[in-house]
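Okay, so here's the structure we're looking at.
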Amino acid sequence: MSAIFSDLRSAISNLETARIEGRVQSVVGLSLMVSGLERAAGIGQRCRVHGRHGLVTGEVVGAGDDGLRLLPFGTWDGIAVGDRVDLVQAGDSICPDESWIGTVIDALGRPLSPAPAFRSGSRRARGRNSPLPAYERRRVGDKLETQIKCIDLFTPICRGQRMGVFAGSGVGKSTLMAMLARNTDADVIVIGLVGERGREVQDFIKEDLGEQGMARSIVVVATGDEAPLLRRQAAWTATAVAEHFRDAGKQVLLMMDSVTRFAMAQREIGLSSGEPPTTRGYPPTVFSELPHLLERAGPGREGQGDITGVYTVLVDGDDMNEPIADAVRGILDGHIVLDRRIAEQDRYPAINVQRSISRMLPECHSAEEYRIMQAARRALARYSDMEELIRVGAYTPGSDPETDAAARFFSAANLFLAQTRGTTMRAEQSFADLYRMLLEAGIDVPIAPAPAAETKTGRPN
């Protein structure tokens, strides 16, 4: 009975109180010009165009003396000059509900997978929402254990943190996301697949995510063949769903694959609406939309939950300094770099420890854990500096004790950090094994506390 009343409330809230209409003036490419709605509609509002093949929904992306400029959630096939255009009162809001958990939805919040219990909730959530004010947020919470050895040891994630996963194509981003979804301690997992290949959606859900991951997940899908408005909307919808459960007091893990495709969709929208191209063809709105999207994740207010964000960035040509990667890296609270060279050595997750960092360090590790991690990083960095000389035989073993110890540690650590999709390890066990490998390699780790030499945060004076 409660489900029926919930559906009735949603239907009543979607009723339009009045019909405001205009007319199609022209259609050029993706852009459609409408007259008659200039005083009623603003940027971001939606309209329905009555064409020969049925209704086509569009969004207002520009306004001028000659009318409003619309882009479609699809194509303008069958639309002609003079066709009627109605203003949609409801806008881009959705009504998330507990029944959405375990389902796959599209960018507009409609179920794609069989979901008999799927229903709309009683509270609206806007797709395009504003981030919480900075002074209303709580601080980042405790460490979130992922049971992925390389992450828990070297790039720990805390509740409410926003982490980026940077990689080229085919280096293991989707598999790493599935491992996080399966292993991370969160109440609800929201996964946004933005611009994903159509054939890979089912593979990710059935094979990578599996029943265990899907049981507490909501997957939002917009494939690469869909309109740029839908691809952009998928990122907004996934974030709005995460905000709904955060406001309900739940710990939410929001994973988005990928921010790059969101930026590419915004580039298409910006260029179609007449914006000038700037860096590598990206218009200015791309770089204003990125922080607006990413800042919506993070800690909630007092009494609310947190949104822990993991965003993948598809690095163009493995160039970590390309515009989108550079902009996203400056917004997020850390980055995990997946290295193609490590993947070619068949070590997964292919995380480059030297190039990855968590901005929650050192506070999220205990003093002992931080010293173990520092010793391991120094040893791996030492080996990386000498790796070419060792491989070509230009280095003579025994000539430098530190290099010899680093080489012994690298051999053991390289095998240890490899992890298959179905295996897990608790963080305390990972630190214990890493500490043992350091000692066996002949690397001393001063894990006893030294209060006189440190500040309260654990950073050296």
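The values are calculated or read from the model by the stated rules, or taken from the named source; none is laboratory data. Bear in mind that the values here come from a model prediction, so they are computed numbers and not experimental data. Note: ideal-geometry Cβ built from the backbone for every residue, glycine included; neighbour counts use all protein chains shown. Quick note on the areas: whole protein, heavy atoms, side chains included, nothing else; ligands and nucleic acids left out. Shrake-Rupley method; radii C 1.70, N 1.55, O 1.52, S 1.80 Å.
Tabulated values for the structure
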| quantity | calculated |
| --- | --- |
| Subset of the range 395-407 (residues that are open to solvent by less than 70 Å² (accessible area, probe 1.4 Å) and farther than 20 Å from residue 444 by Cα) | 395 |
| Every residue from the range 251-271 that is open to solvent by 30 Å² or more (accessible area, probe 1.4 Å) and either modelled with pLDDT under 95 or outside any loop (DSSP other than H, G, I, E, B) (or both) | 261, 264, 267, 268, 271 |
| Qualifying positions in the range 17-32 - within 23 Å of residue 230 (Cα to Cα) and surrounded by fewer than 19 Cβ atoms within 10 Å (Cβ to Cβ) | 26, 27, 28, 29, 31 |
| Options 192, 168, 160, 164: the member that is open to solvent by less than 10 Å² (accessible area, probe 1.4 Å), closer than 23 Å to residue 226 by Cα and in contact with a strand residue (DSSP E or B) (Cβ under 6 Å, 6 or more places away or on another chain) | 192 |
| Where residue 280 falls short, out of the listed (1) open to solvent by less than 10 Å² (accessible area, probe 1.4 Å); (2) assigned to a helix (DSSP H, G or I); (3) farther than 25 Å from residue 60 by Cβ | (1) |
| Search result, residues across the range 126-148 that are hydrophobic (A, V, I, L, M, F, W, C) and modelled with pLDDT under 90 | none |
| Given (1) surrounded by 20 or more Cβ atoms within 10 Å (Cβ to Cβ); (2) hydroxyl-bearing (Ser, Thr, Tyr); (3) closer than 21 Å to residue 417 by Cα, index of the condition residue 384 fails | (1) |
| Residue check for residue 377: of a type in the set (Lys, Arg) and out of contact with any Asp or Glu (no Cβ under 8 Å at 6 or more places or on another chain) | yes |
| Selection from the range 41-53 of residues that are open to solvent by 30 Å² or more (accessible area, probe 1.4 Å) and under 19 Å from residue 82 (Cβ atoms) | 48, 50, 52, 53 |
| Scan of the range 129-164 for residues that are touching a residue at least 12 places away in the same chain (Cβ under 8 Å), in a helix (DSSP H, G or I) and over 17 Å from residue 372 (Cα atoms), ordered by number | 136 |
| The range 306-350 - residue that is in contact with an Asp or Glu (Cβ under 7 Å, 6 or more places away or on another chain) and not in a strand (DSSP E or B) and, of those, surrounded by the fewest Cβ atoms within 10 Å (Cβ to Cβ) | 316 |
| Test: residue in the range 277-284 that is among the polar types (S, T, N, Q) and farther than 24 Å from residue 120 by Cβ | yes |
| Test result for residue 354, modelled with pLDDT under 95, touching a helix residue (DSSP H, G or I) at 6+ places or on another chain (Cβ under 8 Å) and assigned by the TED database to the domain that holds residue 318 | yes |
| Residue check for residue 185: within 23 Å of residue 433 (Cβ to Cβ) and either open to solvent by 10 Å² or more (accessible area, probe 1.4 Å) or not in a helix (DSSP H, G or I) (or both) | yes |
